[in-house]
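Participant: Pasting in a structure now, in structure tokens, and then I'll have a few things to ask.
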Amino acid sequence: MSPVTARNPHEDSEEKGGGLAAGDPDEPRDPMDGMGDSADTPMLLTEIDHIAIAVNDLGDAIDYYRETFGAVVEHREIVESDGVEEALLQVAESYIQLLTPTRDDSPVAKYLEKRGEGLHHVGYRVADCAVALEAVKAQGGRVLDEKPRPGSRGTTVAFIHPKAAFGTLIELVQE
Ligand code: CMX
Ligand code: CO
């Protein structure tokens with residue numbers, strides 16, 4: 001069997017520097033090449049909503065961001081259900097979310113104790129949190145919230161377990 005008759009159109013566009021289709025304007029690259037099963041999943045994430053950083057002292061962290069970068073607090077809130085106080089600092093269409101625990105059994109208190117200050121989670125904005133959460137579950141994802149729930153500043157959110165997401169705690173955020 002000749003390699004020409006066995007030609008797989010996906011192989012051409014994965015070749016670096018010179019398959020038959022390379023440079024042919026009539027044969028656009030398939031952006032899903034090499035993406036495996038994700039070709040079936042429509043893009044659900046519309047923006048980075050926020051990067052959350054766990055800190056021991058919210059005031060100190062706010063001062064650091066203001067003095068170092070000129071970043072100012074847009075919103076401040078205590079989220080009792082999560083045992084956190086947060087400050088949101090806007091960066092273009094996204095936020096830095098500075099987080100500190102309000103009680104000892106808060107997930108952020110546990111995180112600080114175990115790992116110290118630092119990046120706690122990434123919030124990805126989605127158009128519809130329920131739809132995105134169902135898509136994660138359909139892929140066998142390990143979710144922390146079976147149903148979307150209220151987040152801060154009137155958002156609807158759901159968390160995905162970091163152990164099932166390459167070590168990053170993910171929050172789906174619908175505005
Ligand atoms: N990022 C990455 N890994 C994390 C993590 C985080 N934020 N938090 C915990 N882990 C890891 C731990 O290091 C640990 O790993 P090992 O088993 O390798 O040691 C593992 O996950 C289990 O961690 P744990 O300390 O035993 O903590 P729990 O399982 O009790 O809780 C989690 C972890 C993610 C389930 C819990 O923090 C949670 O439910 N989080 C979602 C809610 C939340 O974080 N709310 C605050 C934010 C509110 C907001 O954004 O508004
Ligand atoms: Co968050």
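The values are calculated or read from the model by the stated rules, or taken from the named source; none is laboratory data. These numbers were taken from a predicted model, which means no experiment stands behind them. Quick reminder, even Gly has a Cβ in these numbers, built from the backbone with ideal geometry, and neighbours come from all protein chains shown.
Participant: Exactly one condition in (1) within 11 Å of ligand 1 (Cβ to nearest atom); (2) touching a residue at least 40 places away in the same chain (Cβ under 8 Å) is not met by residue 126; state its number.
Facilitator: Failed condition: (1).
Participant: Applying the selection to segment 116-155, what residues are farther than 19 Å from residue 89 by Cα and within 16 Å of ligand 2 (Cβ to nearest atom)?
Facilitator: 126, 129, 132, 133, 143, 144, 145, 148, 149, 150
Participant: State whether one or more residues within segment 59-75 are closer than 16 Å to residue 154 by Cβ and at pLDDT 95 or above.
Facilitator: Yes, there is a match, as at least one residue in segment 59-75 is closer than 16 Å to residue 154 by Cβ and at pLDDT 95 or above.
Participant: Taking residue 76, is it among the basic types (Lys, Arg) and touching a Gly at 6+ places or on another chain (Cβ under 9 Å)?
Facilitator: Answer is no for this residue.
Participant: Ok, one more. Quick one: count up the residues across segment 76-105 that are assigned to a loop (DSSP other than H, G, I, E, B) and more than 23 Å from residue 47 (Cα to Cα).
Facilitator: Count: 5.
Participant: Suppose we filter segment 44-69 for residues that are small (Gly, Ala, Ser) and farther than 13 Å from residue 96 by Cα; how many remain?
Facilitator: 1
Participant: So is residue 165 among the small types (Gly, Ala, Ser) and farther than 17 Å from residue 48 by Cβ or not?
Facilitator: In short, no.
Participant: Also: Answer yes or no as to whether residue 167 is free of Cβ contacts under 8 Å to residues at least 12 places away in the same chain, within 12 Å of ligand 1 (Cβ to nearest atom) and not aromatic (Phe, Trp, Tyr). Steps first, answer last, please.
Facilitator: Details: free of Cβ contacts under 8 Å to residues at least 12 places away in the same chain: yes; within 12 Å of ligand 1 (Cβ to nearest atom): yes; not aromatic (Phe, Trp, Tyr): yes.
Considered against the rule, which asks whether it is free of Cβ contacts under 8 Å to residues at least 12 places away in the same chain, within 12 Å of ligand 1 (Cβ to nearest atom) and not aromatic (Phe, Trp, Tyr), residue 167 comes out as yes.
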